[in-house]
Amino acid sequence: MGRPTTKTDLLTAAAENFEKLNTLIADLSEQELSAPFDFSADAKKKEAHWKRDRNLRDILIHLYEWHQLLLNWVQSNQNGDPEPFIPAPYNWRTYGDMNVEFWKKHQNTSLEDAKDMLRKSHADIMRLAETFSNEELFSKGIYQWVGGSTLGSYFVSNTSSHYDWAMKKLKAHRKNCAGQ
């Protein structure tokens, strides 16, 4: 399936990719769970997140915190309190620094807590998406606070697309573990 452009596709892709992510996690061996992530040998993996996330918990917390961004952004704006998606002092140019702050914030969060937090936030996101019509999600100009995009694109980016990112990272880690 390509990038979702309807409510039905959004909900389906989010649910399916969340399930795939959880299946991949369940299939990780003890060695894969305990080995720290290290992508330094791969010159193609230059983005900051390849160095930032060092284990499964870090990935799950990243997904959870981005769910919180979406949930808080929609709630604030629906309540008439205009807020940008990326909270101050960050913006789309500096969100990498925000991601590092999320990482720091959760260094004492357990893997089990991270799993529980992500399960709950995923359910919250799905419930929130259900409250919008297809038009509200995928027509431009419905909500001024969304800007030139669609609300649905934010849901896609924070669910199915973000779950794809996480799976790609976990598969790369699994491949590194197999090569050791």
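The values are calculated or read from the model by the stated rules, or taken from the named source; none is laboratory data. Since this is a predicted model, take the numbers as computed values, not measurements. Methodologically, a virtual Cβ is constructed for each residue, glycine included, from the backbone with ideal geometry; neighbour enumeration extends over all protein chains shown. Protein only, heavy atoms only, side chains kept; ligands, DNA and RNA dropped before computing areas. Shrake-Rupley method; radii C 1.70, N 1.55, O 1.52, S 1.80 Å.
Which condition breaks for SER110 when tested against (1) under 16 Å from the mean Cα position of the chain (by Cα); (2) closer than 30 Å to SER34 by Cβ?
Here SER110 meets the rest and fails (1).
Could you tell me whether region 31-39 includes any residue that is at pLDDT 90 or above and under 13 Å from TYR163 (Cβ atoms)?
No, that holds for no residue.
In region 1-11, how many residues are more than 16 Å from the chain's Cα centre (by Cα) and not in a loop (DSSP other than H, G, I, E, B)?
Selection size over region 1-11: 3.
Which one is farthest from HIS62 (Cα to Cα) among residues in region 76-111 that are open to solvent by less than 50 Å² (accessible area, probe 1.4 Å) and aliphatic (A, V, I, L, M)?
This residue is ILE86.
Rundown of residues vs (1) out of contact with any helix residue (DSSP H, G or I) (no Cβ under 7 Å at 6 or more places or on another chain); (2) assigned to a loop (DSSP other than H, G, I, E, B); (3) exposed (fewer than 15 other Cβ atoms within 10 Å of the Cβ), yes/no style:
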{"residue": "ILE59", "(1), (2), (3)": "no, no, no"}
{"residue": "LEU69", "(1), (2), (3)": "yes, no, no"}
{"residue": "ASN72", "(1), (2), (3)": "yes, no, yes"}
{"residue": "ALA123", "(1), (2), (3)": "yes, no, yes"}
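Which of the following residues is among the polar types (S, T, N, Q) and open to solvent by 10 Å² or more (accessible area, probe 1.4 Å): THR159, THR150?
THR150
How about region 75-108: which of its residues are assigned to a loop (DSSP other than H, G, I, E, B), among the hydrophobic types (A, V, I, L, M, F, W, C) and free of Cβ contacts under 8 Å to residues at least 24 places away in the same chain? Break it down into steps so the answer makes sense when it comes.
To start, the set of residues in region 75-108 that are assigned to a loop (DSSP other than H, G, I, E, B) comprises 79-94, 106-108.
After this cut, where a residue has to be among the hydrophobic types (A, V, I, L, M, F, W, C) as well, the list is 85-86, 88, 92.
The answer is ILE86, ALA88, TRP92.
Filter region 29-54 for residues that are surrounded by 16 or more Cβ atoms within 10 Å (Cβ to Cβ) and either polar (S, T, N, Q) or part of a helix (DSSP H, G or I) (or both) and give the result.
Once the filter is applied, which keeps residues that are surrounded by 16 or more Cβ atoms within 10 Å (Cβ to Cβ) and either polar (S, T, N, Q) or part of a helix (DSSP H, G or I) (or both), region 29-54 yields GLU32, HIS49, TRP50, ARG52.
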